[in-house]
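Here's the structure, in structure tokens; my notes come after.
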Number of protein chains: 4
Amino acid sequence: MTAVDAQESAELAKLYDDFASAGLMPLWTVRAGLMPQEPAPAAAPHAWAWKDLFPLAERAGRLVPVGRGGERRAIALANPGLGGEPYATPTLWAAVQYLGPKEVAPAHRHAQGAFRFVLDGEGVWTVVDGDPVAMRRGDLLLTPGWAWHEHQNTAAEPMVWLDGLDIPLVAQLDAGFFEFGPDELTDDSTPESSRGERLWGHPGLRPLSGLADLPHSPLPAYRWRHTDAALAAQLELEAEGHAATVEPGHAAVRFTNPTTGRDALPTLRLEMHRLAGDTVTATRREVGSSVWQVFTGSATVTLDQREVSLGVGDLFVVPSWCPLTLRADGPVDLFRFSDAPAYEALRLARHAVVAR
Amino acid sequence: MTAVDAQESAELAKLYDDFASAGLMPLWTVRAGLMPQEPAPAAAPHAWAWKDLFPLAERAGRLVPVGRGGERRAIALANPGLGGEPYATPTLWAAVQYLGPKEVAPAHRHAQGAFRFVLDGEGVWTVVDGDPVAMRRGDLLLTPGWAWHEHQNTAAEPMVWLDGLDIPLVAQLDAGFFEFGPDELTDDSTPESSRGERLWGHPGLRPLSGLADLPHSPLPAYRWRHTDAALAAQLELEAEGHAATVEPGHAAVRFTNPTTGRDALPTLRLEMHRLAGDTVTATRREVGSSVWQVFTGSATVTLDQREVSLGVGDLFVVPSWCPLTLRADGPVDLFRFSDAPAYEALRLARHAVVAR
Amino acid sequence: MTAVDAQESAELAKLYDDFASAGLMPLWTVRAGLMPQEPAPAAAPHAWAWKDLFPLAERAGRLVPVGRGGERRAIALANPGLGGEPYATPTLWAAVQYLGPKEVAPAHRHAQGAFRFVLDGEGVWTVVDGDPVAMRRGDLLLTPGWAWHEHQNTAAEPMVWLDGLDIPLVAQLDAGFFEFGPDELTDDSTPESSRGERLWGHPGLRPLSGLADLPHSPLPAYRWRHTDAALAAQLELEAEGHAATVEPGHAAVRFTNPTTGRDALPTLRLEMHRLAGDTVTATRREVGSSVWQVFTGSATVTLDQREVSLGVGDLFVVPSWCPLTLRADGPVDLFRFSDAPAYEALRLARHAVVAR
Amino acid sequence: MTAVDAQESAELAKLYDDFASAGLMPLWTVRAGLMPQEPAPAAAPHAWAWKDLFPLAERAGRLVPVGRGGERRAIALANPGLGGEPYATPTLWAAVQYLGPKEVAPAHRHAQGAFRFVLDGEGVWTVVDGDPVAMRRGDLLLTPGWAWHEHQNTAAEPMVWLDGLDIPLVAQLDAGFFEFGPDELTDDSTPESSRGERLWGHPGLRPLSGLADLPHSPLPAYRWRHTDAALAAQLELEAEGHAATVEPGHAAVRFTNPTTGRDALPTLRLEMHRLAGDTVTATRREVGSSVWQVFTGSATVTLDQREVSLGVGDLFVVPSWCPLTLRADGPVDLFRFSDAPAYEALRLARHAVVAR
């Protein structure tokens, strides 16, 4: 090193020190990491087996009460790439919630949007803004942002379901608000059908008392009998020679807001997919992340070269831009949720088919 | 008259003559008629009794074949204020269509949007863009603008239904296109459910193969069982103390496009109303016109002071800005269609409650 | 004729009589006229020469006062195909308005939307909802539906301009409301720039006090210096090899609502076109009608085979679906207004290029 | 501790261990931190003085070349609460970019949206998708997501400006793509006005060649003369007694996309504010963060009780939900950018006036 070089080097070191003292940071030393050629998520593609999850939920059921403050006996998927945060992906929270026989989880509300997807069981009612909504196998329930909600298990059996929220996204955005409701259950009635479904659950029919568009769906629940029928119809139509499926053997529906036809929640996309036996999907990648849960059947998922075998209840996450292929081992139904509405709203969405 | 006055008068007469020769017309002589203080429709409030209509349709069924050119055995309501035009209102066409046993009305398509509402009977299939759609009592069927459509009566009985179109609006706008299809029926199958319903008829569920928004509903039919259930639920919810109806005792649904949540057709609003017994609606007026048909029960309508008693099948038209009150003589269901989407799109809509 | 035929014929005649008595009309006898293969407008393509129009306006200025009731000294184009109605087309009103030196046309408002396009002169202020707006050569002024407006000529010379409204459309729709304002001018100030322009007339800049979207433009006037500059820039960019024009030699701008980017008025499309010398446009047709006025230069228009030579101030109308070709005799500027926003909103718009 | 308690405690510890091994995390131990009562941002309210920033930028100009890889001599604000990340807030990047005399920063493009705001100087052209755009004092330039851009300093003086991007938001969302362009400048012309401005920079005028709506503004630059005139007009209108300002003495404009009337960029809100002397704004808070820079004059900002005195060039950041008050020491102009469009699109926006 020449004297000139040494002086320059010292000046540069001093400059970087002075940057730091002034609360500044140069772009040129971090540009490549900040702005990669394509998404390089810290979140890993990862799977969780139901046979591991469920016993842990049961043990929590025995050991941990549902109480004010903790609020819910929910056990979250913690993506191994996200440094110990209880986040399935950088935007999505996914947890298994366990409610024991006769237990109640008290009312609260939050800016975060949420849904529940029921893998199995029945007997719980979720009261959403005062409207008791039955939870049964295969149902999808919404608790949109800032809606009061509480859960009541009326049965002698515990019940377990999947909770999905936009907690990490809202945390990152510093947009969270939270409020406690009453400690006691506000409505212990157990109607077959919620008021929201009675008002809104008729295909293509809009009540004249509900003409204002809403940011989220007014339907509190999407029932399995409808979802199942819709998926079955797509495969039947395909078999009859008509366009109905995403690709051969792959039926899918999106849960939407009937006031707009758009996603049921403004930050979360909710879908159910059905693959006929022996179906292999195209390999696709998209910007944004998603969480899948097997509802029936078994399948093999390939996440960026890595194959995982999946059975009922198993969950996996797909980080942004990670190639995904699904192969059905016999007929299989999969629930999926993602952050896609956010990316579309922000004009950051991209999709690609890697291989067909 | 002075000589000056006389000269002025002569000059003025000459000016008006010269206007006429030049293809011109002064505003000041016609302003009040052109631009009234409030809507002064030529169309009259008027009612047609089913007991008069139906026998005439039957006689037409015996005497007039369904053939190429005439296209349909449809008998239109001709508003007495509209100078002999076959128009229910300045924007709306309403006709009774009669199809004899085993008859076929061949395929055509037109820019005009259409629907069918079935007062009674069954056995006819309307094939819409190749998709056979069963018609049964209480059902509403769509044949959106430029969709091919044809009708087949498979039954041993004739069938009659209400056709509604935007023919007068499209005529006024010189926007009509028309094309003949094949003379022979293109699909004589008689499925229980159309392909469109199988794909789209699930509440809140959108097929992933149908993510592009459409100007009209992809649902070819809205079935009476759904409409009836939706109306019943509103009255039940009201009885339980919840907001659900338009006003006490008055339930109503709008038939909508699930891809957008908006009206099922871009120029026509389609609704079903149910009044509980003894219900009297508020007196309302709105800019734009509508046609109503009693589906079940009996009612009394007051149209700008004039009372008319109505029974099943009876039709009446409400011109723009004409005050309307309905009084139910026992439970009554009424189908209604109007041109409201056009007024809303053009920012010409106005509503008022005259009396409650 | 056999006895059977004769009886049938008599029965048929009786049926048609009975239809008429019952206020009904069969489709099959009128279908072809009601629903033509393609638009068959009654309105004719037609032109009016400024050399005929202007002297008549001057004579009206001498002979006819501007008074309450008649409201405006406006002389409307009466399309020869529209049976004596003062309508340029079935949807559009176009009139020459003449205001003498120091004259005032008092305030009124109406549901009909209006604009003024200034062929020549200056000295008039139009007060729109209390905001005085100067009128000068080449300017376009808006008086949106239900905005109060009044005109004041401050000059020693008369002034003439083109008024365009949606009067026929609103009349057909029975949607008109009209209200008289004060008889005296409400504001006789003559500011260089209106308040609306001062607030909104900055490219791409939206006042934070104006964040609510409006159905019509908040800009009361579009000044010629801007329009001229925009058109000139397009032709210059084209000459430099960049995409900027509609087609070679044909520059055009649309006057838009800065709160939405859409048409300045919900029922009227407003545009200025500039053709470089020797430019011949493609031959185009569109559903819906338009009115054009030559602002500078001379041109030849071909309307469905018929050629008309046009000079400054000349007007012509293009009925729905009528093929239109323009040929510039040297540089020419043309103002155009049409009903296109209505057709787009109602999903009735169609366009075709007939020849290039 | 009883034996029972001890066993429970041991079981619980084992459960938490097993959670961790299984890649799971309970909600109840972290709920309060994850879902605070109201936003509790890690980002601090903070200010940076221009007198500190500018000399550091100059030193970097002497010591650090602009080169491929580092790409830009940009020095970022690193919020002291954000753990050493070069982020002004959790969503916003703000940096001072320094370009020496005759220097060129080569072409690249990225999914991240960017703008440049020019505090002082001139002589640089930014080439955006091949269109050279002059940069001068007070101008705002856009380089929307995925637009190629490069900078050329034609002057004998260095130039410094503010870069704003959505880098942290896009990083969090794993939505970044980046591509290098040619190493050499693609267009060294220095036009007075960019092609984009010539086509789009006319108030309310939309080229017919640009009828498709865009997610970002087609205007490459918003010039100071327009911004200044718009702000001056608001204060003048207020002085004349008309509604025009945000609050007394506080004028403000938003930079918008003329194809939609919405924000110029889909993830960034861009505004210029002018306070008349002695103006004190209301104290406001909003969900989402923003960065402000003083353009002219001096002011005092109160950020959650803490007062900071600001002069020309000084920057400060407002974290989510942090109360903000501005007090003008004489007339002051402030540029502001924020992430508000993202919050509005995701339905997470909230605003409150804390004190007036």
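Each reported figure results from applying straightforward, stated rules to the coordinates on display, with no laboratory input. Given the structure is predicted, the values throughout are model-derived calculations rather than measurements. All Cβ positions, glycine included, derive from the backbone under ideal geometry; neighbour counts span all protein chains shown.
Across region B:77-90, computed HN-Hα scalar couplings (Karplus, 6.51 cos²θ - 1.76 cosθ + 1.60, θ = phi - 60°) run 6, 10, 4, x, x, 9, x, x, 6, x, 10, 5, 9, x Hz from first to last residue, x flagging Gly and Pro. The rotation axis taking chain C to chain B passes closest to the C-beta of one chain C residue; that residue and the distance in whole Å read C:A345, 2.
A DSSP coil position with no more than 12 other Cβ atoms inside 10 Å describes the following GluC sites (Glu not before Pro) in region A:234-318: A:E240. Anisotropy class assigned to region D:1-135 is prolate, per the alpha carbon gyration tensor with a/c at or over the 1.5 cut-off and a/b larger than b/c. What is the sum of charges around A:R136, taking Lys and Arg as +1, Asp and Glu as -1, for the other residues whose C-beta is under 14 Å from the C-beta of A:R136? Surrounding charge for A:R136 is -3. Note on B:227-237: average number of Cβ atoms from other chains within 10 Å of each residue's Cβ is 4. Dipole magnitude for chain B: about 420 debye, using +1 per Lys or Arg Cβ and -1 per Asp or Glu Cβ, origin at the Cα centre. Think of it as helices only: each DSSP H run of n ≥ 4 in chain C is worth -39500 (n - 2.57), and spread over all residues that comes to -6000 deg cm²/dmol at 222 nm. Note on B:48-54: average number of Cβ atoms from other chains within 10 Å of each residue's Cβ is 2. Counting, for every residue in C:322-329, the Cβ atoms of other protein chains within 10 Å of its Cβ and taking the mean gives 0. Can you tell me how region D:70-221 classifies by the Cα gyration tensor, rounded, prolate or oblate, using a/c under 1.5 as the rounded cut? Verdict is oblate for region D:70-221. Per-residue packing, averaged as other Cβ atoms within 10 Å, sorts the ranges C:160-170, B:145-155 into the order C:160-170, B:145-155, beginning with the highest.
Each Lys and Arg Cβ is given +1 and each Asp and Glu Cβ -1; about its Cα centre, region B:1-54 then shows a dipole of about 320 debye.
Ranked by the mean number of other Cβ atoms within 10 Å of their residues, highest first, the peptides A:207-214, A:244-251 come out as A:244-251, A:207-214. Helix D:50-63 and the longest principal axis of the C-alpha atoms of chain D enclose an angle of approximately 80°.
The charge dipole of region C:152-254, taken about its Cα centre with unit charges on the Cβ atoms of Lys, Arg (+1), Asp and Glu (-1) only, comes to about 440 debye. Sorted ascending by nearby beta carbons within 10 Å, beginning with the fewest, C:V280, D:V318 become C:V280, D:V318. Note on region A:1-63 and region C:118-188: Cα centroid distance 64 Å, given to the nearest whole angstrom. Checking every one of the GluC sites (Glu not before Pro) in region B:3-58 against DSSP loop status and a limit of 14 other Cβ atoms within 10 Å picks out no site at all. Against chain A, whose longest principal axis comes from its Cα atoms, helix A:224-239 is set at around 80 degrees. Computed on region D:247-289, with alpha-carbon pairs under 8 angstrom and 6+ residues apart, the relative contact order is 41 percent. For chain A, relative contact order (Cα pairs under 8 Å, six or more residues apart, normalised by length) works out to 16 percent. Toward the positive end of the charge dipole of chain D, with +1 on the Cβ of Lys and Arg and -1 on the Cβ of Asp and Glu, the farthest Cα among D:A47, D:H149, D:A355 is that of D:A355. Relative to the dominant Cα principal axis of chain C, helix C:3-21 is inclined by about 30°. The ranking of A:H242, C:H226 from fewest to most other beta carbons within 10 Å of each one's beta carbon is A:H242, C:H226. Listed from fewest to most Cβ neighbours within 10 Å, the set C:W50, D:W200, B:W224 follows the order B:W224, C:W50, D:W200. Give A:K14/D:K51; B:K51/C:K14; A:K102/D:K14 a once-over and call out the pairs whose C-alpha atoms are over 22 Å from each other. Listed pairs above 22 Å: A:K102/D:K14. Which shape class applies to the protein assembly as shown: rounded if a/c is under 1.5, otherwise prolate when a/b exceeds b/c and oblate if not, where a ≥ b ≥ c are the square roots of the Cα gyration tensor eigenvalues? Because a/c hits 1.5 or more and a/b fails to exceed b/c, the protein assembly as shown counts as oblate. Between identical copies, the spacing of B:D17 label points, each set 7 Å from Cα toward the C-beta atom, reads 4.8, 10.4, 11.5 nm from nearest to farthest. Sparse packing (at most 11 other Cβ atoms within 10 Å of the Cβ) combined with a DSSP loop state is found for the following GluC sites (Glu not before Pro) in region B:167-235: B:E184, B:E192.
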